[in-house]
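Notes to accompany the following structure.
The values are calculated or read from the model by the stated rules, or taken from the named source; none is laboratory data. Predicted, not measured: the structure shown is a model, and the values here were computed from it. Here the Cβ positions follow ideal geometry from the backbone for every residue, glycine too, while neighbour counts run over all protein chains shown. The area values use the complete protein model at the heavy-atom level, side chains included, leaving out ligands, DNA and RNA. Shrake-Rupley method; radii C 1.70, N 1.55, O 1.52, S 1.80 Å.
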Amino acid sequence: MSGPQARVRVREMVLADCDRVALIRVRGWQSAYRGLMPQQHLDAMDPAADAERRRAMFARPREGVVNLVAEDEGGEVVGWACHGPYRDGEVRTADAELYALYVDAGRLGTGVGRTLMQESVRRCEGAGHARMFLWVLKDNARARRFYERAGFGPDGAEEPFDVDGVAVPEVRYARPLTG
């Protein structure tokens, strides 16, 4: 679904954005991961429950974690990204990690994701991180192309994560930051 280039403004997420972000995230999973993980898991995802989890996270923010939203000219939230310290198991490192990046399905291909990615990278560079990592589903070709165009590449690390008893393989991508 490609459309005209979007004019978006990126800002820090606020509590009032939780419902819209949850809807974008859940619909993003249901669309992007169809056929890549158990369908019953995707079907059971609930935007209202996800929004409650986001509100709970806002009540106890984690140090260094940044949530960004992209809003269109009308003020509607059309994308969300989250980044922070890289987690090696439960240990945080000096590197950064993009934890999530989702765009409203109707805005895919309009530059919203690219704008969010650029702002996350800029902020991680500004915070002095030398590298930025992310994990992506091994079979999610569209996302992998997007990240590769943003300067990321697979670094050889692979791990499955469990979704309803099914191992879903992920690969780690990395890119140096200029800081």
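State the Kirkwood hydrodynamic radius of the stretch 20-179 in Å, one decimal place, computed from all pairs of distinct Cα atoms.
16.4
How many angstrom lie between the C-alpha centres of the stretch 12-26 and the stretch 61-77?
8
Normalising by the residue count of the stretch 55-179, find the relative contact order in percent from Cα pairs under 8 Å and 6+ residues apart.
Relative contact order comes out at 20 percent.
Looking at the stretch 85-136, I'd like the Rg to Rh ratio, where Rg is from alpha-carbon atoms and Rh is Kirkwood's inverse mean 1/r.
My calculation of the ratio gives 1.04.
Expressed as a rounded percentage, what relative contact order does the stretch 127-172 have, with Cα pairs under 8 Å and six or more residues apart?
Answer for the stretch 127-172 is 43 percent.
Tell me the label-point distance for the pair D162, V91, using the 7 Å Cα-to-Cβ offset, in nm and rounded to one decimal.
Going from the D162 label point to the V91 one covers 2.4 nm.
With +1 on each Lys and Arg Cβ and -1 on each Asp and Glu Cβ, and nothing else charged, work out how big the dipole of the chain is about its Cα centre, in Debye to the nearest 20.
480
If every alpha-carbon in the stretch 88-179 counts as one equal scatterer, what log10 I(q)/I(0) does Debye give at q = 0.11 1/Å?
Reported log10 I(q)/I(0), two decimals: -0.33.
What residue among L116, L108, L15 has the largest mean-square fluctuation in a Gaussian network model of the chain, using Cα springs under 10 Å?
L15
Name the residue farthest towards the positive end of the dipole of the stretch 26-179 from the options N140, V121, A70, assuming +1 on Cβ of Lys and Arg, -1 on Cβ of Asp and Glu, about the Cα centre.
Of the listed residues, the answer is V121.
For the stretch 54-179, what % of the accessible area comes from carbon and sulfur atoms, probe 1.4 Å? Don't jump to the answer; show the numbers that get you there.
Working: 3070 of 6410 Å².
That share works out to 48 percent.
Can you give the calculated 222 nm mean residue ellipticity of the chain, where each DSSP H run of n ≥ 4 adds -39,500 (n - 2.57) and the sum is split over every residue, rounded to the nearest 500 deg cm²/dmol?
That calculation yields -10000 deg cm²/dmol at 222 nm.
Expressed in whole Å with the largest first, what are the equivalent ellipsoid semi-axes of the stretch 52-132 derived from the C-alpha gyration tensor as the square root of 5 times each eigenvalue?
Semi-axes from the Cα gyration tensor: 23, 16, 10 Å.
Give the calculated FRET efficiency between Q39 and E63 to the nearest 0.05, with a Förster radius of 45 Å applied to their Cβ-Cβ distance.
Computed FRET efficiency for Q39 and E63: 0.75.
At 1.4 Å probe radius, can you tell me the per residue accessible area of the chain in Å²?
So the chain comes to 53 Å² accessible per residue, rounded to a whole number.
What does the charge count near H83 come to, summing +1 for each Lys or Arg and -1 for each Asp or Glu among other residues with Cβ under 9 Å from its Cβ?
That sum, taken over residues with Cβ under 9 Å, equals 0.
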